[in-house]
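Report on the following structure.
No lab work stands behind these numbers, since they all come straight from the coordinates. If you're wondering where the values come from, they're calculated on a predicted model, not measured in any experiment. As a convention, Cβ positions derive from the backbone with ideal geometry for all residues, glycine included, and neighbour counts pool all protein chains shown.
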Amino acid sequence: MTSIKKWPAMDPKRIEKLKDYWENGRSIDGIDPDVKAHLLRMRTMGDGKGIEVIGNTNKDYLGAFMAPFSRDTANADIAVVGLPFEKSAPMNSGHKYGPKILRELSKNFMGTTEPWLDGKFDIPFDLARIIDYGTVDTYGCLDRTTEVEVALEQFKKIVIEDGCSTFMWGGDHTVTYVPIHSLGELYGPLGIIHFDAHYDLVTKADFNYPYHSGNMFTKNMSEGNLDPERMIQMGIRGRMTGLVGGHAKNLGVTTVMAEECRVTPAEEMAQRVIEVVGDGPVYLTFDLDSLDPIYNHASSAVEPFGLSANWCWDVMKLVRASGKVNLVGADVVEYAPGSDPTRVCGYVAAGLSWKLLCWLADDMAKRNGEKRATVWDMAFGRVSL
């Protein structure tokens, strides 16, 4: 056996200190003070039972991202809503299960805070009163028009009467008509940040049906709820572009093809987004088919050679960090969990959803001029850190 030179032993006093820390040191000591205050507040929910923020065995009663389930929109700032439409899926289907599975996956991340920029943390539940409104039940609506009308009635209460911003899960992209219509009525004409493989700028003259996954923008434009000159689309590609591409030019919509996106630094694209949408109210809609199939193959219209999830997040992050864009609503749509047996695509979608929720909470607090903490009426216990 070759001789081994042993490294000098640690000082016994140092070992004693480490032993004491092993026995008495707590993870909550020495962390960011805002995060510490948030975690201590979470422990007080439910007469001290607390909210489980890490493990996933005690979260069935919690809603999206661990928000409380509630329909008390009069005492909320942001409502997470699921709209399970899929009648407008052009090929593969299964979007109606998107909200259910994304809600589940959104709780399978650990914690309710995340590092932001410059050493700060995102703590959305301390910035705004966030609730999970649940999924709007349209099971008995056997045609799309009835589905949309049911959803519009719900959003009239949530948005127009009670002033909530919404984060929404689809459903096929038809669902986006509803929050744009409602938020546009509340705030005035919206600017749109649109990630998608497709223009979705079909007109009544193209296809005479009131609501579908290709006309939700143009219909809202015709109703004065969306300003086409404050709309930017990123990720456009595929064999449909030649058929409907003329509308973007005619309406004044800014379009960036996927090929250009892929060679454009996120910093440059973020600045372009800021210039297009301006400082008025803005809605962000993220169709998952904007992503390359590496990041999402679970949708009704998979298009190869798309965008990177990291690039998309970098663009959104830089737009948000600029402080120049006022986000009033957002959605993530067209997730078909039946095509995602490992849930990898779902985790990407849920992760992007969390980022958008944090952005919405930040901008809501700015509009309110104050922080409004979320309260959980039900708390069944905390078993982890």
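Only helical DSSP H runs with n ≥ 4 go in: add -39500 (n - 2.57) per run for the chain, normalise by residue count and round the 222 nm mean residue ellipticity to 500 deg cm²/dmol.
That calculation yields -10500 deg cm²/dmol at 222 nm.
I'd like the orientation of helix 12-24 relative to the chain: the angle between its Cα long axis and the longest Cα principal axis, in ° from 0 to 90, rounded to 10.
With both axes taken from Cα atoms, the answer is about 50 degrees.
Shape verdict for region 178-330, please, from the Cα gyration tensor: rounded (a/c under 1.5), prolate (a/b greater than b/c) or oblate.
It comes out oblate by the Cα gyration axes.
Using alpha carbon centroids, what distance separates region 296-343 and region 239-283, in Å?
One Cα centre to the other: 15 Å.
Within 10 Å, count the other beta carbons around each residue, average over each peptide in 188-194, 328-334, and list them highest first.
Working: 188-194: 21.9, 328-334: 26.4.
For the peptides 188-194, 328-334, the packing ranking is 328-334, 188-194.
Given the pairs K120/K371; K96/K317; K100/K120; K19/K49, which span a C-alpha to C-alpha distance of over 27 angstrom in this model?
On the way: K120/K371 16 Å; K96/K317 29 Å; K100/K120 31 Å; K19/K49 30 Å.
In this structure, K96/K317; K100/K120; K19/K49 lie more than 27 Å apart at Cα.
With just the Cα atoms defining each centre, how far is region 1-28 from region 139-174? Give it in Å.
Between the Cα centres of region 1-28 and region 139-174 lies a distance of 60 Å.
With everything on Cα atoms, drop me the angle between helix 344-368 and the longest principal axis of the chain, reported from 0 to 90° to the nearest 10.
Compared with the principal axis, the helix lies near 90 degrees.
Round to the nearest 10 and give me the degree value, 0 to 90, for the angle of helix 177-187's Cα axis relative to the longest principal axis of the chain.
Compared with the principal axis, the helix lies near 80 degrees.
Hey, with R₀ at 41 Å, roughly what FRET efficiency would K5 and D118 work out to, going by the Cβ-Cβ distance, to 0.05?
With R0 = 41 Å, the Cβ-Cβ based efficiency is 0.35.
Got the relative contact order for region 44-368 handy, in percent, Cα pairs under 8 Å and 6 or more residues apart?
21 percent
Label region 63-175 by shape, choosing from rounded, prolate and oblate, from the square roots a ≥ b ≥ c of the eigenvalues of the Cα gyration tensor; if a/c is under 1.5 it is rounded, and otherwise prolate applies when a/b is larger than b/c, oblate when it is not.
The shape class here is oblate.
Between rounded, prolate and oblate, where does region 44-368 land on the alpha carbon gyration tensor, with a ≥ b ≥ c its root eigenvalues, rounded for a/c under 1.5, else prolate if a/b exceeds b/c?
rounded
Return the single residue from C345, C358, C141 with maximal mean-square fluctuation; model: Gaussian network over the chain, springs between Cα atoms under 10 Å.
C141
Based on the mean of other Cβ atoms within 10 Å per residue, sort peptides 87-99, 312-324 so the most packed one is first.
For the peptides 87-99, 312-324, the packing ranking is 87-99, 312-324.
Could you let me know the centre-to-centre spacing of region 31-104 and region 187-222, using Cα atoms, in angstrom?
29 Å
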